[in-house]
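Everything on this sheet refers to the single structure shown next.
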């Protein structure tokens, strides 16, 4: 009889609803959980659903989440599994809040009206995240240094630093665990890009295509100071900068200066449409992968566009200029011409 009961229980546990039951039977307070559990009691709502919404997966990442679960008399239990800690949106009935989840046990006790991501207790990262977000920040770099060695440090550094100086200063402060985390490795890519794009470094061999379909290579740059202007059709400041670049083009005409606008558009069609709408007399090329996942941003840690990189006659980077630094472009180019 006992064996029969075990068999019946096994068959029952194969059903979807039993998975939730098994989670509830786990020692939820133990360390090393393989998934996360959110046990909540929210007053002011008797029914509705709970779910994680609006998340993006990078290649190779997984989210093993249950379907939306019902809220019964204000109570619910929601579970899932993460391959890494991440910032997610938790939707409870009609309200949505940001939570930084890891595979841990959580509890949520509040009213629907007072629902906030900081109300979620459990793990360590969500508390660290909201402590930082809710604090005033008169000096962001100093505040990031104060938390850089915590678990949330690599994520916050990656999110809130875009300038070369800040990244080069913060990355070495990460702990070994921080450097080996997903966010730490992503931050290392940004750090490496800035190191590789420092003055004196060779300009990387990006895959760039001319409008006629032929590749643009270092042979096209030989013996010239090259001004690379990174832009995209969806970038309003980039479009607004075209008249200024036209003035530079006229000033440099007749000198050993080559201006090249590098589009980081996602598609060839978008690039060609933009060139037709905004004619430019200088060279135009397209890189692959768009802005966010393209090799240009990866290799050079381009924080935002419009962005200019000046390359000297030897093919080495003379300067990188973001939007605020473009006023120095002519001075940088003239200095490179004299070297």
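The values are calculated or read from the model by the stated rules, or taken from the named source; none is laboratory data. Source: prediction; values computed, not measured. Positions of Cβ are backbone-derived with ideal geometry, glycine not excepted, and every protein chain shown enters the neighbour counts.
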Is it fair to say residue 206 is part of a loop (DSSP other than H, G, I, E, B) and over 20 Å from residue 86 (Cα atoms)?
yes
Looking at the range 156-167, which of the residues that are under 12 Å from the mean Cα position of the chain (by Cα) and part of a helix (DSSP H, G or I) is surrounded by the most Cβ atoms within 10 Å (Cβ to Cβ)?
157
Based on this model, can you work out whether residue 321 counts as free of Cβ contacts under 8 Å to residues at least 40 places away in the same chain, closer than 18 Å to residue 202 by Cα and within 30 Å of the chain's Cα centre (by Cα)?
yes
Output for the range 88-127, where each listed residue is assigned to a loop (DSSP other than H, G, I, E, B) and surrounded by fewer than 17 Cβ atoms within 10 Å (Cβ to Cβ):
94, 112, 113, 114, 116, 124
Within the range 168-182, how many residues are modelled with pLDDT of 95 or more and under 15 Å from the mean Cα position of the chain (by Cα)?
1
Looking at (1) out of contact with any helix residue (DSSP H, G or I) (no Cβ under 8 Å at 6 or more places or on another chain); (2) at pLDDT below 95; (3) within 23 Å of residue 185 (Cβ to Cβ), can you tell me which one residue 104 breaks?
(2)
Going residue by residue through the range 238-256, is there one that turns out to be touching a residue at least 12 places away in the same chain (Cβ under 8 Å) and farther than 22 Å from residue 332 by Cα?
yes
